[in-house]
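Colleague: Handing you this structure, nothing more for now.
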Amino acid sequence: MSRMKAVQVEEAGGPLQLVERDVPEANEGQVRIKVQACGICHSDSLTKEGHWPGLQFPRVPGHEIAGVIDAVGAGVEGWRVGQRVGVGWHGGHCGRCARCRQGDFVLCEKAQVPGISYDGGYAQFVVAPVEALASIPDDLSDADAAPLLCAGITTFNALRHSGARAGDVVAILGIGGLGHLGVQFARKMGFNTVAIARGQDKAALAKELGAHHYIDSTTQSIPDELNKLGGAKVILATVTSGKAMSAAVGGLGLNGKMIMVGISEEPVEVPIAQFIMGRHSIQGWPSGTSADSQDTLVFSALSGIKPMIEEFPLERAAEAYDRMMSGGARFRVVLKVA
């Protein structure tokens, strides 16, 4: 049995530890992936801190996986050894529950998530079910592809299902790990793109990412500035603050919608009369399927969209994780595994 390097958590709240493990075998309906890069996501804390119900330890985190198929299990069709693939948050579904029967695979009642349901991408090899695979375009690097499989798909998929059309005012609330990709997607989709963040120092970055307009929420009223543009058709809320979301809803235009992709324990408060008379709405959006991941990667490659990343070797995963979680990284952290 050949061996590999992996970084695992042995117990809830425990440290990330570099260990040697047996290379896993691909069973029926699975492929084994030689990992080239794995992004570090804030959601990896669900594994490290043991916050996911029923999580079993030891566990290797990581759900932003980019690599090459190394072995194919029995019954797998349409995928071959040597093919570049990625796996994101959607790491498998049962195909039998009520949600799957309606084609809503990402919300499967028995949904699997790499790094939570099974060992993830902080390792040299990972095994994943075939329904979790997304093909990676040749002109997209592994390190760039990895964050697109979570932060990328979340913003891309929400925007393309938002109902906004080319020329509509679309505001991205927050330009961090999710938002800096949301601004790029909004611009390339043809929206009149507004970036909203705290501080005038982010204005240049917003324009560099493609924003037509920048609103500094520390010195300007978000609703006033958006209403000067006719009101937003969509506000994509990538911040992790319910208060910040509440402060922006007044900027929605007629039939405008706020889509929440940033998670906050604070509630969002809405002005009811405004929502009734403006036919406004608020919607949550959860990532997407492996097919949506593939669409995200293809669109990114076609449009020249890339995440802003910092790279670390697998052996420094603990340091890389701390940098991501502390907010020191700008904007995503990626482990180079190969």
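Only the coordinates and a few stated rules stand behind these numbers; no lab work does. Not measured: the values here are computed from a predicted model. Quick reminder, even Gly has a Cβ in these numbers, built from the backbone with ideal geometry, and neighbours come from all protein chains shown.
Colleague: So for the stretch 162-284: antiparallel DSSP bridges make up what percent, rounded to the nearest 5? Each step should come with its number before you reach the end.
Modeller: Working: 0 of 22 bridges.
In the stretch 162-284, DSSP labels about 0 percent of beta bridges as antiparallel.
Colleague: Report, in deg cm²/dmol and to the nearest 500, the calculated mean residue ellipticity at 222 nm for the chain, where each DSSP H run with n ≥ 4 adds -39500 (n - 2.57) and the sum is divided by the residue count.
Modeller: Result for the chain, helices only: -6000 deg cm²/dmol.
Colleague: Given the C-alpha centroids of the stretch 83-129 and the stretch 171-197, what is the distance between them in whole angstrom?
Modeller: For the stretch 83-129 versus the stretch 171-197, the Cα centre distance is 27 Å.
Colleague: Roughly what % of DSSP beta bridges within the chain run antiparallel, to the nearest 5? Don't jump to the answer; show the numbers that get you there.
Modeller: On the way: 32 of 60 bridges.
For the chain, the DSSP antiparallel bridge percentage is about 55.
Colleague: Moving to a separate point now. Going down the table (Lys5/Lys48; Lys5/Lys306; Lys5/Lys110; Lys110/Lys243), which pairs top 21 Å between alpha carbons?
Modeller: Values: Lys5/Lys48 18 Å; Lys5/Lys306 28 Å; Lys5/Lys110 29 Å; Lys110/Lys243 32 Å.
Check vs 21 Å cut-off fails for Lys5/Lys306; Lys5/Lys110; Lys110/Lys243.
Colleague: Label-point separation (nm) for Gln274 and Ser241, each offset 7 Å from Cα along Cα-to-Cβ?
Modeller: 1.7
Colleague: I'd like to compare 299-309, 75-85: which one has the highest average count of other Cβ atoms within 10 Å, and what's the full order after that?
Modeller: Descending packing order for the listed peptides: 299-309, 75-85.
Colleague: Amide H to amide H, which residues 5 or more places from Ala232 or on other chains are under 5 Å from it, using H placed in the peptide plane?
Modeller: It is Leu252, Gly253, by chain and number.
Colleague: OK, next. On a C-alpha basis, how far is the centre of the stretch 305-338 from the centre of the stretch 1-72 in Å? Whole number, if you could?
Modeller: 16
Colleague: Sorted by packing (mean other beta-carbon atoms within 10 Å per residue), highest first, where do 102-111, 124-133 land? The partial results should precede the final answer.
Modeller: Working: 102-111: 15.2, 124-133: 23.2.
Ranked from most to least packed, the peptides come out as 124-133, 102-111.
Colleague: Obtain the nm distance between the two label points defined at Glu319 and Ala166 by a simple spin-label model: each point lies 7 Å from its Cα along the Cα-to-C-beta direction.
Modeller: Spacing of the two 7 Å Cα→Cβ label points: 4.7 nm.
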